[in-house]
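One structure is given here, and the rest of the page talks about it.
The values are calculated or read from the model by the stated rules, or taken from the named source; none is laboratory data. Because the structure is predicted, anything quoted here is derived from the model rather than measured. Note: ideal-geometry Cβ built from the backbone for every residue, glycine included; neighbour counts use all protein chains shown. Ligands, DNA and RNA are excluded from the accessible area calculation, which covers all protein heavy atoms including side chains. Shrake-Rupley method; radii C 1.70, N 1.55, O 1.52, S 1.80 Å.
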Amino acid sequence: MAQRLNESSVGITIPTQRQLGQYDLERVWWGQATVDPHRDRIVHLSIDEINLYALSTAGIITAFNNETGKKLWATQLGRGNNIGYAPVSNSKYVYITVGTKLYAIDRLNGEIDWELALPGSASTSPTVDEDAIYVGTLSGRMYAWDLKKLNELSNESKLPAWRESAIRWTFQTGDTINTPPLVTNRTLLFASQDGSLYSVTLQDRQLAFQFETDAPISASLAEEGKSLFLASEDQNLYCLNILNGIVRWRIRTSFPLRYPVSVLDNEVYLSSKKNGLFQLSAQSGLEQWWQPLGSRFISLSPTRVYATDELGNLLVLSRTDGAVLSAVPLRKYQVKLMNEQTDRIFCSSESGIILCLKQKDLPFPIRFKNQDKYPILPEISPEPAAKEDQSETSADGENTDN
C-alpha cells in the first residue's frame, strides 16, 4: 500500500497540525481512498449523516466514517468504463448511477445488493427516500422506482426481466434532466434543460405546478423551510413557494448561474467562478456581502464561511462581512465537497488522499440539516492523528489501509 500511495501521490503533502494552526484550523483525520494509481482519480465526494463516500473514475466507491476517518469498505462498480454521479443514501443503502446501471450497496459493508439496468442513461445523481428512488435521464424522462418492489424482485432473481413492475410512474420533460431531483413530503421537484421546473405528486405524478425560465436550469435546486431556490442560466435567482411555485423574490445577476446554490441558517450563498461569492438574505434576496476572490461555497461555521478561490486555495472568510481571514494552500486537493450537512471541510486529491478539517475551537460538528437522522450522542473517540512531523504521505496504520 505504501508503494501504491507514493506512486499515485507524488508531490502531495498532508498538512500538519502546526501548519493548519496558522489558519485556526485542525485536521480531524486523513485517509486514502482505494484507487488504481496508474489510471484512476477521484471525481466525487458525498456525505450523509454517518459516512463520507469517494468515487473514482474507474467506478470504485470508498466509504469512510465521516467523524473518525475509519475506512469502512471499498467496492468496484461494473467494469470501470463509465464515470458515475455522486452517491446518495437512505438508512440502509447507498445508491449510485453509473452509465445505464443503478447500484444498491449495503451502507454497512459495501456489498452490492442489486443492480438495475435503467431504460435510459442517467443524467444526474438520483434522489432517494425510504420508499422510492428517483432517476432523471438524458432523454428528459424522470423515473420513480419503488424500492420495496426492487428488493423483492432482487431476492426472487427477477431483475432485470421484471423491472417494469417496480416503476411507480414516469414523467416526460422537454429536454435532459441535469440536476438531482428534490423530494418533499408530498412532491418531487426537478428541473430540465427545457428551462422548466416541474413539481409532481409523489404517489400519482400529478403536476402540482410548472415554473418556466428563459434559459436552461443547470444548477442544483436548494430548499429551506417552505422556500425553493432556483438558479438559471437566464442570470436570475428565484425564490419560490415550494408548495405552489409562486415567486417570493427574484434577483438578476450579470452572469449565468451554473453552480449549486447553498441555503443555510437563512443565508443564501451564490457562487460564480469569475464573479465571486455572494451572501444573500434568504428572506428578501438582498445582498449582505460580496467576496470577489471566492469562486465556490464549501462549508459554514458559526463565525466563518469556507470557500475556494479560482486557483483552488481554501479561503477562510468572515461570516459577518465576507472579509478574507486567510487562504489555505490546498490546491492539490482539487476535489472539495460542498458540505451543507455540517461545518466540516472535506477535500481530496485526485490520487485519493482525503482530508477532514475543522475550526480549532469546535470540538463537535455543527449540524445544519437533517438533525433527526443523527445519533443522539456525538462520536467522542476520533482516530489517532498522523504524527506532527509527517509531511509526506506514507503508510500509517489504519489511515492508509487498503
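Look at A74 and say whether it is in contact (Cβ under 8 Å) with a residue 60 or more places away in the chain, crowded, with 16+ Cβ neighbours inside 10 Å and part of a strand (DSSP E or B). Yes: the conditions hold for A74.
For region 94-113, a residue qualifies if it is within 17 Å of the chain's Cα centre (by Cα) and either small (G, A, S) or open to solvent by 20 Å² or more (accessible area, probe 1.4 Å) (or both), and exactly one does: R107. Reported count of residues in region 172-187, each being outside any loop (DSSP other than H, G, I, E, B) and either modelled with pLDDT under 95 or closer than 12 Å to S139 by Cβ (or both), is 1.
Set side by side, the residues S351, S295 differ, and just one is closer than 25 Å to Y238 by Cα, surrounded by 15 or more Cβ atoms within 10 Å (Cβ to Cβ) and in contact with a Lys or Arg (Cβ under 8 Å, 6 or more places away or on another chain), which is S295. Inspect region 156-167 for any residue being open to solvent by less than 30 Å² (accessible area, probe 1.4 Å) and touching a helix residue (DSSP H, G or I) at 6+ places or on another chain (Cβ under 7 Å) and give the result as yes or no. Yes, that holds for at least one residue. Among the residues making up region 129-155, those that are closer than 19 Å to L189 by Cβ, without any contact (Cβ under 8 Å) to a residue 60 or more places away in the chain and surrounded by 17 or more Cβ atoms within 10 Å (Cβ to Cβ) are I133, Y134, V135, G136, T137, G140, R141, M142, Y143, W145. Considering each residue of region 24-31 in turn, none proves to be in contact (Cβ under 8 Å) with a residue 40 or more places away in the chain and more than 24 Å from L315 (Cα to Cα). Within the bounds of region 206-216, is there any residue that is over 23 Å from S284 (Cα atoms), open to solvent by 40 Å² or more (accessible area, probe 1.4 Å), assigned to a loop (DSSP other than H, G, I, E, B) and at pLDDT 95 or above? Scanning region 206-216 turns up at least one residue that is over 23 Å from S284 (Cα atoms), open to solvent by 40 Å² or more (accessible area, probe 1.4 Å), assigned to a loop (DSSP other than H, G, I, E, B) and at pLDDT 95 or above.
Of all residues in region 299-312, those being in a loop (DSSP other than H, G, I, E, B) and crowded, with 18+ Cβ neighbours inside 10 Å number 2. Here is a check on your reading of the model: is G120 in a loop (DSSP other than H, G, I, E, B) and open to solvent by less than 70 Å² (accessible area, probe 1.4 Å)? Considered against the rule, which asks whether it is in a loop (DSSP other than H, G, I, E, B) and open to solvent by less than 70 Å² (accessible area, probe 1.4 Å), G120 comes out as yes. For first residues located in region 331-344 and of a type in the set (F, W, Y), partners that are at pLDDT 95 or above and open to solvent by less than 10 Å² (accessible area, probe 1.4 Å) and lie 6+ apart or on another chain with Cβ distances below 7 Å form the pairs Y333/C347; Y333/S348; Y333/S349; Y333/L355. Against the test of being open to solvent by 10 Å² or more (accessible area, probe 1.4 Å), on the phi < 0 side of the Ramachandran plot and at pLDDT 95 or above, the options A385, A327 yield a single qualifying residue, A327.
Comparison of A63, A58, A122 shows that the only residue that is touching an Asp or Glu at 6+ places or on another chain (Cβ under 7 Å) and aliphatic (A, V, I, L, M) is A58. How many residues, within region 188-201, are open to solvent by less than 10 Å² (accessible area, probe 1.4 Å), in a strand (DSSP E or B) and of a type in the set (S, T, Y)? The number of residues fulfilling the criteria is 2. Exactly one residue out of W114, W169 is assigned to a strand (DSSP E or B) and under 20 Å from D204 (Cα atoms): that is W169.
Among the numbered criteria (1) open to solvent by 70 Å² or more (accessible area, probe 1.4 Å); (2) touching a strand residue (DSSP E or B) at 6+ places or on another chain (Cβ under 9 Å), which single criterion is violated by N185? N185 satisfies all of (1) open to solvent by 70 Å² or more (accessible area, probe 1.4 Å); (2) touching a strand residue (DSSP E or B) at 6+ places or on another chain (Cβ under 9 Å) except (2).
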